[in-house]
Amino acid sequence: MKRRVAWRACAAAAALAAPVSALSGCGKTSSAGSAGQPLARAVAPQGALSIVTRNTSRIGGASTADDAAAVARTVYPGLTSASRPAAVVVANGEDWDATLAASVLASAPLGAPILLAEGDALAEVTRSALAEMRPSGISLLGGVQVIRVGTRAPIPAG
């Protein structure tokens, strides 16, 4: 009888420890919410949410266009010339083939963030992210700032 009670106590402790360790993050030092750092914060006014642990950031929004814009804004906030991308890729979010093809441009040497259009229309969150990131242009391509893949969405000037 004592063994069964002890086993149940251990099982209850393990069941409680699992969610606590999941919330503490993946790193090896202090806890995720230490030093006044919030566990979750808003990335964009469109409702994208960021959950940050010591070595992982989880960013998500209400739609795929929101997700892409939140990731792009996080990596390239556009506050200084060093935090501006050379170019931004706008891919058709309704065509997975185009989006997959555009993903190649996110790697080296270009490292362009990918934003999503809704067919041949530019999503408002994408328009806003473009304005905030202010791509500097690729000199080898004549100053190109936006590369469209699978969409004819009009790109705002600037």
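The values are calculated or read from the model by the stated rules, or taken from the named source; none is laboratory data. Small disclaimer: the values here were computed from a predicted structure and weren't measured. Heads up, the Cβs are rebuilt from the backbone with ideal geometry, glycines too, and the neighbour counts pull from every protein chain shown.
One residue stands out among those in the range 129-148 that are of a type in the set (S, T, N, Q) and surrounded by fewer than 17 Cβ atoms within 10 Å (Cβ to Cβ): the one that is nearest to VAL88 (Cα to Cα), which is SER136.
Mind checking which residues of the range 60-92 are of a type outside the set (Gly, Ala, Ser) and either part of a loop (DSSP other than H, G, I, E, B) or surrounded by fewer than 21 Cβ atoms within 10 Å (Cβ to Cβ) (or both)? Quick ask: steps written out before the conclusion?
Narrowing the range 60-92 to residues of a type outside the set (Gly, Ala, Ser): 64, 66-67, 71, 73-77, 79-80, 84-85, 88-90, 92.
THR64, ASP67, THR74, VAL75, TYR76, PRO77, LEU79, THR80, ARG84, PRO85, listed by residue number.
Scanning the range 113-136 for residues that are at pLDDT below 95, touching a helix residue (DSSP H, G or I) at 6+ places or on another chain (Cβ under 6 Å) and assigned to a loop (DSSP other than H, G, I, E, B) turns up just one, ALA123.
Filter the range 149-158 for residues that are under 13 Å from VAL90 (Cα atoms) and loosely packed, with under 13 Cβ neighbours inside 10 Å and give the result. Give the derivation first.
Going residue by residue through the range 149-158, those that are under 13 Å from VAL90 (Cα atoms) are 149-156.
ARG152, PRO154, PRO156, listed by residue number.
Remark: pairs (first residue in the range 58-75, within 12 Å of PRO113 (Cα to Cα); second residue β-branched (Val, Ile, Thr) and in a helix (DSSP H, G or I); Cβ separation under 7 Å; 6+ apart in sequence or on different chains) = ALA69/VAL125; ALA69/THR126.
Looking only at residues that are small (Gly, Ala, Ser) and in contact (Cβ under 8 Å) with a residue 60 or more places away in the chain in the range 129-158, which one is nearest to GLY78 (Cα to Cα)? If you could, list the steps in order and put the result at the bottom.
Start the filter on the range 129-158 by keeping residues that are small (Gly, Ala, Ser), which leaves 129, 131, 136-137, 139, 142-143, 150, 153, 157-158.
Right, trim to in contact (Cβ under 8 Å) with a residue 60 or more places away in the chain and you get 129, 153.
On the way: ALA129: 9, ALA153: 22 Å.
Of everything passing the filter in the range 129-158, ALA129 is nearest to GLY78 (Cα to Cα).
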